[in-house]
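Read the structure below first, then the notes.
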Amino acid sequence: MRVLAAMSGGVDSAVAAALAVEAGHDVVGVHMALSRNRDQFRTGSRGCCSIEDAGDARRAADVLGIPYYVWDLSERFEDTVVADFLSEYEAGRTPNPCVRCNEHIKFEALLDKATALGFDAVATGHYAQVVTREAPDGTVTRELHRSPNDEKDQSYVLAVMGPDRLARAMFPLGGFASKAEVRAEAERRGLSVSAKPDSYDICFVADGDTRGFLRDRLGSRPGEVVDTAGNVVGEHDGAYAFTVGQRKGLGLGRPAADGRARYVVDVQTSTNTVVVGPAELLSVDRIEAGKAVWLATPQEHADGAWLDDVEVQVRAHGAPVPARVRATSADGAPAMDVELTGRPLRGVAAGQSLVVYRGTRVLGQGTVARAWRG
């Protein structure tokens, strides 16, 4: 197959490209330039998409003996991932830029461009597995599963891609049980990125100051922090900088009467008000999610039928909890209802990605619209 290997400049994507070459594929490496300020080097393990990263990707491609290109997708990244990040916070919701990047950049812009150029698949350094099953009638189904590396598993952020794009995706690191194994593989192959630190935090907020980034982009909007009785207990510079479940950085002027910790329980953007309350107000066992994307077959998630014995996860490395889920529609678009059948979840916020699992298999994904205690 002709395979386009997405090479970020890190060890994971370099080893993924190497494994694609070793498997006998005709591989071309491409680095996606996503930042509009790429002249600034990353600081330690923060950030990505710098000139340093592009250079590391080029050196890895040279070692592998494959062609290498840089594609400037910074405008698309700004107009989709960054714009969504800002608009979601501004609307009082909690965005997940990694999910949006996989949706709009890696498995939309990149994959569609690769297909138009005649490539059969895109290989990335994500930690996830694709399992292919063939039914008695000859129908082939590709399933997305968790990686055996629990610490690095990225099936949560990949669930949004849907079956059509999953059919053209390759995850060569799917079988690795630890990052140490990947680094050892890179060192064995002479790849200089074998010891390079992982990037973390939000890639376009390289200094890690999310609140400062929001303030620079959205401006200062002073408002009040109130308790559930409506009493003013603090002030803020913008309700957009707070998210449901947040405990730190609330700037409260006085403690609660009972001395207990307080958390953000609501963000009211219409009045620019942040509401705080006790932890028990954060527990929910009912969730509605919109913009649903299903990787299960239509027969498995027929509208109105409950999927029992499944689990849902609402954070990239959060613990999955038992639930039952059914496919619905909202305003004519695919959606899902979720009832937690085990312990409740705490701090579920509108805008978060909710992923449905059965065992290690991803069945579907949706964006939380609202959550409450039944």
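The values are calculated or read from the model by the stated rules, or taken from the named source; none is laboratory data. On a predicted model such as this, the values are computed, not experimentally measured, just so you know. Using ideal geometry, Cβ is built from the backbone for each residue, glycine included, and neighbour counts are taken over all protein chains shown. SASA here: full protein model, heavy atoms, side chains in, ligands and nucleic acids out. Shrake-Rupley method; radii C 1.70, N 1.55, O 1.52, S 1.80 Å.
With respect to the conditions (1) open to solvent by 30 Å² or more (accessible area, probe 1.4 Å); (2) modelled with pLDDT of 95 or more, Thr43 lacks only one, and its number is (2).
For the range 322-344, the count of residues that are open to solvent by less than 30 Å² (accessible area, probe 1.4 Å) and part of a loop (DSSP other than H, G, I, E, B) is zero. Based on what the data block shows, is Arg247 outside any helix (DSSP H, G or I), free of Cβ contacts under 8 Å to residues at least 40 places away in the same chain, within 30 Å of Leu363 (Cβ to Cβ) and basic (Lys, Arg)? It is false that Arg247 is outside any helix (DSSP H, G or I), free of Cβ contacts under 8 Å to residues at least 40 places away in the same chain, within 30 Å of Leu363 (Cβ to Cβ) and basic (Lys, Arg). Taking the criterion of being under 30 Å from Thr228 (Cα atoms) and part of a loop (DSSP other than H, G, I, E, B), the residues of the range 279-316 that qualify are Asp285, Val314, Arg315, Ala316.
Among the strands (runs of 3 or more DSSP E) confined to the range 90-158, there are none with at least 3 residues that are open to solvent by 60 Å² or more (accessible area, probe 1.4 Å) and among the aliphatic types (A, V, I, L, M). The residue pairs whose first member lies in the range 96-113 and is more than 21 Å from Val348 (Cα to Cα), whose second member is surrounded by fewer than 20 Cβ atoms within 10 Å (Cβ to Cβ) and among the β-branched types (Val, Ile, Thr), and whose beta carbons are closer than 6 Å, counting only pairs six or more residues apart or on different chains, are His104/Thr80. Taken over the range 221-237, the criterion of being open to solvent by 30 Å² or more (accessible area, probe 1.4 Å) and among the aliphatic types (A, V, I, L, M) is satisfied by Ala229, Val232.
Note on the range 346-374: residues that are assigned to a strand (DSSP E or B) and open to solvent by 10 Å² or more (accessible area, probe 1.4 Å) amount to 8. Residues that are open to solvent by 50 Å² or more (accessible area, probe 1.4 Å) and acidic (Asp, Glu) within the range 264-286 comprise Asp266, Glu280, listed in sequence order. Residue-level check: of (1) free of Cβ contacts under 8 Å to residues at least 40 places away in the same chain; (2) part of a helix (DSSP H, G or I); (3) within 30 Å of Ala83 (Cβ to Cβ); (4) open to solvent by 40 Å² or more (accessible area, probe 1.4 Å), Arg217 misses just (1).
Within the set Asp237, Asp207, the sole residue that is of a type in the set (Asp, Glu) and under 22 Å from the mean Cα position of the chain (by Cα) turns out to be Asp207.
Of all residues in the range 238-263, those that are closer than 19 Å to Gly212 by Cα and either aromatic (Phe, Trp, Tyr) or crowded, with 16+ Cβ neighbours inside 10 Å (or both) total 9.
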